[in-house]
1. Taking region 1-14 as the region of interest, how many residues are modelled with pLDDT of 95 or more and within 23 Å of Pro54 (Cα to Cα)?
2. Restricting attention to region 128-145, which residues are β-branched (Val, Ile, Thr) and modelled with pLDDT of 85 or more?
3. Only one of (1) in contact with a His (Cβ under 7 Å, 6 or more places away or on another chain); (2) at pLDDT below 95; (3) polar (S, T, N, Q) fails for Gln33. Which number is that?
4. Look through region 146-193, keep the residues that are of a type in the set (A, V, I, L, M) and surrounded by fewer than 19 Cβ atoms within 10 Å (Cβ to Cβ), and return whichever of them is modelled with the lowest pLDDT.
5. Pairs under 8 Å by beta carbon, first residue within 21 Å of Arg104 (Cα to Cα) in region 78-93, partner basic (Lys, Arg) and surrounded by 12 or more Cβ atoms within 10 Å (Cβ to Cβ), six or more apart or different chains?
6. When the residues of region 5-27 are narrowed to those that are surrounded by fewer than 20 Cβ atoms within 10 Å (Cβ to Cβ) and among the hydroxyl-bearing types (Ser, Thr, Tyr), which ends up farthest from Lys192 (Cα to Cα)?
7. Does Gly12 satisfy being in contact with a Gly (Cβ under 9 Å, 6 or more places away or on another chain) and on the phi < 0 side of the Ramachandran plot?
8. Pairs needed: first member in region 178-205, closer than 13 Å to Val53 by Cβ and of a type in the set (Gly, Ala, Ser); second member anywhere, buried (at least 16 other Cβ atoms within 10 Å of the Cβ) and modelled with pLDDT of 75 or more; C-beta distance under 9 Å; at least 6 residues apart or different chains.
Amino acid sequence: MQGPEHSVGIFGGSFNPPHMGHILATGWALSIQIIQEVWVIPAGGHPFGKELVPLGDRMEMCRRAFNCFGPRVSVLDSERGEGVHYSIDTLRKLIEEHPGILFRWIVGSDAIGDAPRWKQYDELTRLAPPIIIPRLGHSSKTQDEIYTGEHCDDFVLPDLSSTWIRHKINSGESDDLEGLVPATVIHWITEKGLYGKQPSGAGNG
């Protein structure tokens, strides 16, 4: 049983697919010693209507991507089920199920611009104060500075997106993905035929 000071970072997202930006963010969040664990939660039905490959595939890709952290990172299916899932509802459920844990919300600075559209954003940040991870080309603060939370401007995530990765996969441009997507994730994408055309070099590593 975890003690009352045990802190867990919640890292939600589409992970469609997960990539090195997600892995770097997780490693940084663990390294600053605010939290002891990270719980990765792939989105179920997306509030903003994004098209996603099945949750089961994204769960498996996340397990492969974050396996390098061992027991400090877990992949949860908290948003399994039909319909749209909102972060605040997922968080409240986790708080109810794990009353002895202090939660923090891990978020990239690129996502902060959408904050006003999030359901009950103020309540979300109250229940799980955010850990903001700056991303290249995106300020770590909103114009209104509507959140509080640790962030570090000396560390910046690369401007790497799942949208760009899906485009490269669909175009069959495997060379551009080397070092940006874990090989085990590429293997799963290839095996399951996700995102259209397959990278030509997917079976080489």
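The values are calculated or read from the model by the stated rules, or taken from the named source; none is laboratory data. All values reported here derive from a predicted model rather than from experimental measurement. We place every Cβ from the backbone using ideal geometry, glycine too, and count neighbours over all the protein chains shown.
1. 2
2. Correct list: Ile131, Ile132, Ile133.
3. Condition not satisfied by Gln33: (1).
4. Result: Ile146.
5. Ser78/Lys93; Tyr86/Lys119; Ser87/Lys119; Ile88/Lys119; Asp89/Lys119
6. The residue in question is Ser7.
7. Taking the combined requirement at face value, the residue does not satisfy it.
8. Gly196/Arg166; Gly196/Ile169
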